[in-house]
1. Could you work out the helix-only [θ] at 222 nm for the chain, with each DSSP H run of four or more residues adding -39,500 (n - 2.57) and the total divided by the number of residues, to the nearest 500 deg cm²/dmol?
2. M49 to K77: FRET efficiency via 1/(1 + (r/R0)^6), r the Cβ-Cβ distance, R0 30 Å, to the nearest 0.05?
3. Picking from P88, P63, P99, which is most flexible by a Gaussian network model of the chain using Cα springs under 10 Å?
4. Please list the non-local residues whose amide H lies under 5 Å from the amide H of I53, H modeled 1.01 Å from N, same-chain partners needing a gap of 5 or more.
5. Only one of the listed values, (1) 8.7; (2) 7.9; (3) 10.1, was derived from the coordinates as mean projected area of the Cα convex hull in nm²; which label is it?
6. Work out the FRET efficiency for L59 and T4 from their Cβ-Cβ distance, taking R0 = 25 Å, and round it to the nearest 0.05.
7. Given +1 on the Cβ of Lys and Arg, -1 on the Cβ of Asp and Glu, and no further charges, what dipole in debye does the chain carry about its Cα centre, rounded to the nearest 20?
8. If neighbour count is taken as other Cβ atoms inside 10 Å, put L5, L46, L66 in order from fewest to most.
Amino acid sequence: MVGTLIAIAHKDGLLDSFDHPMLDFFRDRDVANLDERKKSITVQSLLDMISGINWKEPLDGRPDSLIEMMRSPDWIKFILDRPMSSAPADAFNYNSGNPHLLSAIITKLSGMSASGYAREKLFGPLGIRDRRLAA
C-alpha cells in the first residue's frame with residue numbers, strides 16, 4: 001500500500017522523482033553512521049528493498065531488527081541510525097524499516113498522516129470505508 005501512496009504522491013507532483021535522496025526528507029534529524037552509501041539511498045531503493053540498511057528480518061527466523069525497532073521510542077531514528085551493510089542496490093534484503101521511512105516521507109510531502117493520505121487519495125476514491133477490509 002505504501003508503494004501505491006508514493007506513486008500517487010509522485011503523480012500529484014508532491015514527489016519530484018523516485019530517485020530523490022531519502023535523507024533529503026530528514027534534514028531536521030541528526031543521522032548516525034552517515035556515510036556515502038547511506039547518502040545514496042533513494043526513494044526507489046526503499047521501495048525495492050535494496051536500501052543497504054543493516055537489517056535482520058529473515059522470513060525463516062527471528063526478526064531481530066523489527067523487534068528492536070518496535071521497542072524503540074522513535075522508529076524513524078532507529079531506522080535512520082542503523083549502519084549500512086551494503087551499498088544501495090547491491091543486495092535485496094527485506095526490511096520493514098523501508099516502508100516505515102516511506103510512510104514518514106508521505107507525511108512530510110502531504111502534510112497529513114500516511115493513513116489520512118491513504119483515506120483521501122486511495123481508499124476514498126475506491127469506495128473503501130473501512131481500511132481493515134482493504135487488506
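Every read-out reported here was derived from the displayed coordinates using simple, explicitly stated rules and does not represent laboratory data. What you see is a predicted model, and the numbers here were worked out from it, not measured in a lab. Backbone-built Cβ (ideal geometry, glycine too); neighbour counts: all protein chains shown.
1. Details: 7 runs with 52 residues, N = 135.
When only DSSP H runs of four or more count, the value is -10000 deg cm²/dmol.
2. Working: r = 21 Å, r/R0 = 0.69.
With a Förster radius of 30 Å, E is 0.90.
3. Result: P63 has the largest fluctuation of those listed.
4. Placed amide hydrogens put S85 under 5 Å from I53.
5. Working out mean projected area of the Cα convex hull in nm² from the coordinates points to (1).
6. Working: r = 23 Å, r/R0 = 0.91.
The formula returns an efficiency of 0.65 here.
7. Working: 17 positive and 18 negative charges, 92 e Å.
Dipole size: approximately 440 debye.
8. On the way: L5 22, L46 26, L66 17.
By the 10 Å Cβ count, ascending: L66, L5, L46.
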